[in-house]
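Beneath this line is the structure, given in structure tokens, with notes to follow.
The values are calculated or read from the model by the stated rules, or taken from the named source; none is laboratory data. Just so it is clear, the model here is predicted, and its values are computed rather than measured. Positions of Cβ are backbone-derived with ideal geometry, glycine not excepted, and every protein chain shown enters the neighbour counts.
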Amino acid sequence: MRSHSIAVLPGDGVGPEVTAAALEVLDAAQDAFGFTTERTDVPLGAEHYLRTGELLTPDLVERLRAHDAILFGAIGSPQAPPGVLERGIILALRGAMQQAVNLRPVRLYPGVPTPVAGLTPQRCDLVVVRENTEGSYVAEGSAVHRGTSAWTAVQESVNTWYAVERAVDFAFRLASVRRGRLTLCHKTNVLVEAGALWSAVVEEVGRRYPDVETDYVHVDAMCMHLPVSPERFDVVVTDNLFGDIVTDLGAVLQGGLGVAASGNLHLGGRAPSMFEPVHGSAPDIAGRGWANPAGACLSLAMMLGHLGEGEAAAAVEGATAQVLAELPALAGAGMGASTGELGGRIAAAVAQRPAVENSLMSQLAQVMSP
Ligand code: IPM
Ligand code: MN
């Protein structure tokens, strides 16, 4: 029987709740599609940090590297100083595992309420490919005269041909199994150096994909087009920081942060990819069963596609979409069921192998493996 080894990193806040729900769905997918998983729990997060002072250690990196994938809940806590856990765990993992792209689908499933008036599922089906290892996220910079009125801070953005090319190439591959349209989103009119490099990479890599049509939008214009005419986008490739920002807007289109899923993909076959819901740890609602497990379940679906379990991936996607469409509200007490109950409902639906039209997860499965 096929078996996959998975590191499970539930983390903080609502992370453990949504991860438990996703694991119940994984159990159901295994039963329905005939594979097994070996799961190792990894205790990283606020509690572990406050007790031991430990973030992502080199030893842990080596232990995680031995797994086929990482299922991630959420990291972040008001108990820890701002940024310590985020940088020391999330960004450290993305870097250590060379997770070259952060794949963030923006898809409105049928029957799911969106705050954008008149938006339909047919018009909202795009994928953002966010460069995931550099840009401003290298967190390099310097400051002088700190704490005085002369305080001066320089924060750098690093863009290498190597990292931009691998993200852009992946985006082209994805576009070629989708609607054949790739949009570069940047700010080339102001960030001229980085912008020129990104544009040149898109032009050069594009020659290898003659069937994919390319297009360009400035990131500010993107924020205007995205809610008004998302149908103009198929695959969007963008810088790390721009990708962070526009995918929160994208999450709103598809029903909110609770629904949005992501995959931090390592593309070289030498380290695990990591799958995480886009919502954070939401400490204000932790422990109440108010978090929507859909983002975690759709991230699980992506993980299954990455592991070569395309049918299971599509079934988890279909089951999550089906249960989402039944909810009176997409988060909080208004959902009418707890995180755990919703996990149970999605798990039960997986066994019926619900079909999903034009399954995103099966498209992703075609390009996610190295
Ligand atoms: C995200 C988050 C992270 C990011 C933070 C927590 C480091 O906002 O995954 O979108 O900026 O990438
Ligand atoms: Mn973010």
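Some observations on this one:
- Residue in segment 349-364 that is farther than 30 Å from Arg166 by Cα and at pLDDT 95 or above present: yes
- Qualifying positions in segment 189-208 - farther than 14 Å from Thr160 by Cβ and within 25 Å of the chain's Cα centre (by Cα): Gly195, Ser199, Val202, Val205, Gly206
- Within segment 243-269, considering residues that are touching a helix residue (DSSP H, G or I) at 6+ places or on another chain (Cβ under 8 Å), assigned to a loop (DSSP other than H, G, I, E, B) and away from ligand 1 (no atom under 13 Å from the Cβ), the one nearest to Glu62 (Cα to Cα): Leu267
- All positions within segment 66-91 that are more than 16 Å from ligand 2 (Cβ to nearest atom) and within 27 Å of Leu307 (Cβ to Cβ): Ala66, His67, Asp68, Ala69, Ile70, Leu71
- Matching residues in segment 133-153 - criterion: being touching a Leu at 6+ places or on another chain (Cβ under 8 Å) and in contact (Cβ under 8 Å) with a residue 60 or more places away in the chain: Gly135, Ser136, Tyr137
- Any chance Pro82 is within 12 Å of ligand 1 (Cβ to nearest atom), surrounded by fewer than 22 Cβ atoms within 10 Å (Cβ to Cβ) and more than 17 Å from Ala261 (Cα to Cα): yes
- Filtered residues of segment 242-293 (kept if away from ligand 2 (no atom under 14 Å from the Cβ), surrounded by fewer than 22 Cβ atoms within 10 Å (Cβ to Cβ) and among the aliphatic types (A, V, I, L, M)): Leu267, Ala271, Ile285, Ala286
- Condition met for Glu47 (touching a Ser or Thr at 6+ places or on another chain (Cβ under 9 Å), under 22 Å from Gly13 (Cα atoms) and charged (D, E, K, R)): yes
- Count of residues meeting criterion [β-branched (Val, Ile, Thr) and either farther than 17 Å from Gly318 by Cβ or without any contact (Cβ under 8 Å) to a residue 60 or more places away in the chain (or both)] in segment 334-355: 1
- Residues satisfying the stated conditions in segment 59-72, i.e. away from ligand 1 (no atom under 12 Å from the Cβ) and closer than 22 Å to Val128 by Cα: Ala69, Ile70, Leu71
- Residues of segment 318-344 classified as part of a loop (DSSP other than H, G, I, E, B) and in contact with a Pro (Cβ under 6 Å, 6 or more places away or on another chain), total: 1
- Those residues of segment 292-317 which are outside any helix (DSSP H, G or I) and touching a Phe, Trp or Tyr at 6+ places or on another chain (Cβ under 7 Å), in sequence order: Glu309
- Taken over segment 227-241, the criterion of being hydroxyl-bearing (Ser, Thr, Tyr) and either away from ligand 2 (no atom under 15 Å from the Cβ) or free of Cβ contacts under 8 Å to residues at least 60 places away in the same chain (or both) is satisfied by Ser229 alone.
- Of the numbered criteria (1) within 16 Å of ligand 2 (Cβ to nearest atom); (2) of a type outside the set (A, V, I, L, M); (3) under 23 Å from Val127 (Cβ atoms); (4) surrounded by fewer than 20 Cβ atoms within 10 Å (Cβ to Cβ), the one Gln98 fails is (1).
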